[in-house]
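Colleague: This is the structure I have questions about; it appears just below.
What follows draws every value from the coordinates through simple rules; no lab data is involved. Since we're looking at a predicted model, the values are computed, not measured. So basically every Cβ, Gly included, is an ideal-geometry build from the backbone, and we count neighbours across all protein chains shown.
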Amino acid sequence: MPAMHPRVSSRKGEVLLPAMMIRLVPEDTMPATAFLKFQVQKTSEHQRAREASVKYFGGDFYQLPELFSDDMTAVFGPGSETAARLLKQKEVLLDFDQYAQSYRMFCRVRKLGPKDGALDFSLWHARVFNPNVPNDSQVLGFKPDWKSAVGASSA
């Protein structure tokens, strides 16, 4: 969906990425991570793993916003220059558009470490759609500055 691919800009307005795939992160990442890992590893038929996971996401998973943290994540390849550029910014502006709504907010950028549950969740989530995501992929976290958030309607 378009809302999962915000445009990423610097504080000065330079567009760093026209679109970046993000993930919403549950407060408790363990159950979802275990489910996704199981789906990806249980079959060599990637389409079946994807279908089961999409059904899981389309069910109750995203229906209770209170079960999610403020963090969003994005997965980048090992040694990604784009990830390095985003980290160097320390803060970026994310612009979201979906249907007749748009939202923008500044977010702090950080690299997730191996003890962060959002890292494993994000990697297994990405593997649902691309089973070739390597273990040494970089996962960046984006923490919203809610005071900067602005919404608009084009309707």
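Colleague: Please pull out the direction-averaged projected area of the chain, using the convex hull of its alpha-carbon atoms, in nm² to one decimal place.
Modeller: 9.6
Colleague: Taking the Cα centre of each part, how many Å lie between region 56-116 and region 133-155?
Modeller: 3
Colleague: While we're on this one: How large is the direction-averaged shadow of the alpha-carbon convex hull of region 1-92, in nm²?
Modeller: Result: a mean projected hull area of 7.4 nm².
Colleague: What is the fewest-to-most order of 145, 116 by other Cβ atoms lying within 10 Å of their Cβ?
Modeller: 145, 116
Colleague: What percent does the relative contact order of region 2-145 come to when contacts are Cα pairs within less than 8 Å and at least six residues apart?
Modeller: Averaging sequence separation for qualifying contacts and normalising by length gives 32 percent for region 2-145.
Colleague: If each of residue 16 and residue 108 carries a label point 7 Å out from its Cα toward its Cβ, how far apart are those two points in nm?
Modeller: Going by the 7 Å Cα→Cβ label model, 1.5 nm.
Colleague: Note the full-extension length gain between residue 85 and residue 57 as 0.36 nm times their separation in residues minus their Cα-Cα distance, in nm to one decimal.
Modeller: Values: separation 28, 0.36 × 28 = 10.08 nm, distance 3.08 nm.
Here the segment from residue 85 to residue 57 would lengthen by 7.0 nm.
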